[in-house]
Amino acid sequence: MISINNLSVEFSARSLFDNINYVINDKDRIALVGKNGAGKSTMLKIIAGIQRPTSGSVAIPADVTVGYLPQTMILTDDLTVRQEVRKAFSHIEEMQARLAEMNNELAERTDYESESYHQLIERMTSLTDRLAMQGADNGEAEMEKTLLGLGFERTDFDRPTSEFSGGWRMRIELAKLLLRRPDVLLLDEPTNHLDIESIQWLEQFLIQKAKAVVLVSHDRAFIDNVTSRTIEISLGKIYDYSVNYSKYVELRRERIEQQMRAYTNQQKQIADTEAFIERFRYKATKAVQVQSRMKQLAKIDRIEVDEVDTSHLNLRFPPAPRSGDFPVIAEEVGKAYGDHQVFDHATFTIRRGEKVAFVGKNGQGKSTLVKCIMGEIPFTGSLKIGHNVKIGYFAQNQASLLDETLSVFDTIDHVAVGDIRTKIRDILGAFMFGGEASDKKVKVLSGGERTRLAMIKLLLEPVNLLILDEPTNHLDMKTKDILKQAIKDFNGTVIVVSHDREFLDGLVEKVYEFSNGKVIECLGGIYDFLEKKRISSLSELERKTPVTPAGTPAKNDSKPTAAARQEEMPKAKRTLSYAEQRERDKMMKRARKKVEEAEAEVARLEEAVKEIEAKLASGEAASDPDIYTRHAEASKQLENAMSMWEIATLEFESFNS
């Protein structure tokens, strides 16, 4: 589908790519991997047409569409979320306008037998088929599904985009990109601004609905689940593996081992040959053999061992001074911004030495509670910090707070005190900022380098409570593994806010879920937590009959509908106040009404489709030339109504959760 031909890129006399060739096929799921600076993001930009190579070409057929999500972008804030996301359908509107023009032209023409008339009909047919494939009549429903999947609430749809943080606005751009359904999706770190549930939704979307995908990500679980092909960029070359990332790691290790063995054998052969030449160079009786060996030596194709990253991040947190037994005690803690209650009645105790995770959708209060613990914002309830607790805090935007005008060395020199100032060069070397790298300006550092630099500042004095808010953003997999091991070895208490399942696995022994204004304690690791949620959801589904719209056959018609099941819920399960319960009941009635209206519309359209199909079966189609058009339109309307019913049902059943 897309062919990369003899691609070369040079930066300041340094070769980034050297004569690279490969093809992106339909339905490919490709992970681009390589160490930081290998050229992964540059490769995506070249395919997207944003950057030109030094030589070579990228051949993209005219009918193939490409969608690109960069790590960072300039965002506009003039519209609401709904209005901004609707821009994804601008190409559909253009196609519909062209189709309308063709219809007008067709109505005015009378040259029915001419070749141009038949060509016009063919173009109209092709355009109609493309519109049907794009789901033109189902756009609104797909837009709502996508926004909900990426973590937005319905109440967010009509809010101005200017009210959202940069991470949420990136989600809006991702929603627009997914809704365009391009033939090739290019995604550069798409999970950086997503929570665990949104990442899982994106995984399923890419697996089930996307066409070809090329992505760069440091989320190992994500790329393992999504991709089936791995292209490694190393020393300007590429190595193409038809396997996912985990399998690629094994195959790469085997490849390097084979190369090392071949390299060692060749070096021995070269050394023996050179020794023979040197020994008998001046003996006339050996002149023929010496000349032969010299020719043999010149013809040897020297084996190169692929790049092995020998740089090593020496990350170890200083020993933690002993704190009290309970570093954090929260009782009935709540936080609201105006009328919006972020969370309330949060009650929990974190013991000394525990490593816990804060997880949940973005906007549910994880970082807000961290700020409460840090004393940065006011809150209700009681939050006690234990005896002799010294907090080390890594904020989510810590790397972006660095002064870009300073060098790496000066950044640390400005905060170091006492004897530590004599060891700055050693510390920077341990964090892979040795030699000339320590003189780099912060503004030229990559995201991962900035995160490492921000982490150094955290290590300059001993602490016994580490609070890390999204510490893995922009870190490559090797550095994440080193950070994870350092946290495991740390003998103090740790609170980690993260959406990276692989990073949290084996690191934390307790999970606090932030959901629907509550903070819920879950014992066990992150996969225990996810498994419990899945089992709970499945067991709940087993106890309930799936909702069936009117007119659609159900396995057991005697089982209650979604609305009836809600009415039968025991009142003991309702723990809201009277006023809250009344408001909830109103919302539930409105949601139930939406389901009923959607069911009625599905039933009406099903009946309309049945009537048309009955006419088709009876042979009446011959006297009604528009019957096929009406059947197609009615079928599309039914599909759209089913989607709207599905959305309404999900909204209604959310009151059961």
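The values are calculated or read from the model by the stated rules, or taken from the named source; none is laboratory data. Model, not experiment: these values are computed from the prediction. All Cβ positions, glycine included, derive from the backbone under ideal geometry; neighbour counts span all protein chains shown. Remember, those area values only see protein heavy atoms, side chains included, never the ligands or the DNA or RNA. Shrake-Rupley method; radii C 1.70, N 1.55, O 1.52, S 1.80 Å.
Looking at ILE487, ILE520 in this structure, which one is more than 21 Å from the chain's Cα centre (by Cα), assigned to a helix (DSSP H, G or I) and at pLDDT 85 or above? Quick ask: steps written out before the conclusion?
Numbers: ILE520 fails: assigned to a helix (DSSP H, G or I).
Sole residue among the options that is more than 21 Å from the chain's Cα centre (by Cα), assigned to a helix (DSSP H, G or I) and at pLDDT 85 or above: ILE487.
Going through the range 414-439 one residue at a time, which ones are aliphatic (A, V, I, L, M), farther than 26 Å from GLU470 by Cβ and open to solvent by 30 Å² or more (accessible area, probe 1.4 Å)? First the steps, then the outcome.
At the first step, the residues of the range 414-439 found to be aliphatic (A, V, I, L, M) are 415-417, 420, 424, 427-428, 430, 432, 437.
Narrowing the set further to residues that are farther than 26 Å from GLU470 by Cβ leaves 417, 420, 424.
Correct list: VAL417, ILE420.
Figure legend. Inter-residue proximity from the range 184-203: first residues over 27 Å from MET1 (Cβ atoms), second residues hydroxyl-bearing (Ser, Thr, Tyr) and crowded, with 21+ Cβ neighbours inside 10 Å, beta-carbon distance below 9 Å, spacing 6+ or different chains. Indicated pairs: ASN192/SER217; ILE196/SER498; SER198/THR191. When the range 273-290 is filtered for residues that are charged (D, E, K, R) and either surrounded by 11 or more Cβ atoms within 10 Å (Cβ to Cβ) or part of a helix (DSSP H, G or I) (or both), the ones remaining, listed by number, are GLU274, GLU278, ARG279, ARG281, LYS286.
Among the residues making up the range 440-473, those that are open to solvent by 10 Å² or more (accessible area, probe 1.4 Å), in a helix (DSSP H, G or I) and in contact with a His (Cβ under 9 Å, 6 or more places away or on another chain) are GLY447, GLU449, ARG450. Scanning the range 333-358 for residues that are more than 30 Å from ASP489 (Cβ to Cβ) and small (Gly, Ala, Ser) yields GLY334, ALA336, GLY338.
For the condition touching a helix residue (DSSP H, G or I) at 6+ places or on another chain (Cβ under 8 Å) and either at pLDDT below 90 or within 30 Å of ILE233 (Cα to Cα) (or both), what is the one hit in VAL23, VAL58?
On the way: VAL23 fails: touching a helix residue (DSSP H, G or I) at 6+ places or on another chain (Cβ under 8 Å).
On inspection, the qualifying residue turns out to be VAL58.
Against the list (1) over 30 Å from VAL511 (Cα atoms); (2) touching a Leu at 6+ places or on another chain (Cβ under 9 Å); (3) free of Cβ contacts under 8 Å to residues at least 40 places away in the same chain; (4) not hydroxyl-bearing (Ser, Thr, Tyr), the condition ARG261 fails is (2). On the stretch given as the range 211-251, residues that are open to solvent by less than 70 Å² (accessible area, probe 1.4 Å), without any contact (Cβ under 8 Å) to a residue 40 or more places away in the chain and closer than 18 Å to LYS480 by Cβ total 4. Residue under question is PHE433, and the condition is that it be part of a loop (DSSP other than H, G, I, E, B) and of a type outside the set (A, V, I, L, M); does it hold? When the stated conditions are applied, PHE433 passes them. If you go through the range 149-180 and keep only what is surrounded by fewer than 16 Cβ atoms within 10 Å (Cβ to Cβ) and either more than 19 Å from the chain's Cα centre (by Cα) or not in a helix (DSSP H, G or I) (or both), you end up with GLU153, ARG154, THR155, ASP158, ARG159, PRO160, SER162, GLU163, SER165. Does VAL33 fit the bill of being over 22 Å from the mean Cα position of the chain (by Cα), closer than 24 Å to TYR241 by Cβ and touching a residue at least 12 places away in the same chain (Cβ under 8 Å)? Spelling it out, it is not the case that VAL33 is over 22 Å from the mean Cα position of the chain (by Cα), closer than 24 Å to TYR241 by Cβ and touching a residue at least 12 places away in the same chain (Cβ under 8 Å).
Would you be able to tell me the number of residues in the range 493-516 that are among the polar types (S, T, N, Q), open to solvent by 10 Å² or more (accessible area, probe 1.4 Å) and either in contact with a strand residue (DSSP E or B) (Cβ under 6 Å, 6 or more places away or on another chain) or not in a loop (DSSP other than H, G, I, E, B) (or both)?
Within the range 493-516, residues that are among the polar types (S, T, N, Q), open to solvent by 10 Å² or more (accessible area, probe 1.4 Å) and either in contact with a strand residue (DSSP E or B) (Cβ under 6 Å, 6 or more places away or on another chain) or not in a loop (DSSP other than H, G, I, E, B) (or both) number 1.
What number of residues in the range 337-360 are under 30 Å from ARG159 (Cβ atoms) and touching a residue at least 40 places away in the same chain (Cβ under 8 Å)?
10
Here the condition is being surrounded by fewer than 17 Cβ atoms within 10 Å (Cβ to Cβ) and of a type in the set (Val, Ile, Thr); of THR349, THR411, it holds for THR349 alone. Residues that are open to solvent by 20 Å² or more (accessible area, probe 1.4 Å) number at least 3 in the following strands (runs of 3 or more DSSP E) confined to the range 1-64: 2-11, 14-24, 55-59. Looking only at the range 474-484, residues that are in a helix (DSSP H, G or I), under 29 Å from THR422 (Cβ atoms) and under 20 Å from the mean Cα position of the chain (by Cα) come to 1 in all.
Looking at VAL497, VAL463 in this structure, which one is among the aliphatic types (A, V, I, L, M), at pLDDT 80 or above and either on the phi > 0 side of the Ramachandran plot or in contact with a Gly (Cβ under 6 Å, 6 or more places away or on another chain) (or both)? Testing whether each residue is among the aliphatic types (A, V, I, L, M), at pLDDT 80 or above and either on the phi > 0 side of the Ramachandran plot or in contact with a Gly (Cβ under 6 Å, 6 or more places away or on another chain) (or both) leaves just VAL463.
Residue under question is ILE270, and the condition is that it be in a helix (DSSP H, G or I) and either within 30 Å of THR80 (Cβ to Cβ) or touching a helix residue (DSSP H, G or I) at 6+ places or on another chain (Cβ under 9 Å) (or both); does it hold? Here the answer is yes, as ILE270 does meet what is asked. Checked against the criteria, GLY392 does not count as open to solvent by 40 Å² or more (accessible area, probe 1.4 Å), touching a residue at least 60 places away in the same chain (Cβ under 8 Å) and not in a helix (DSSP H, G or I).
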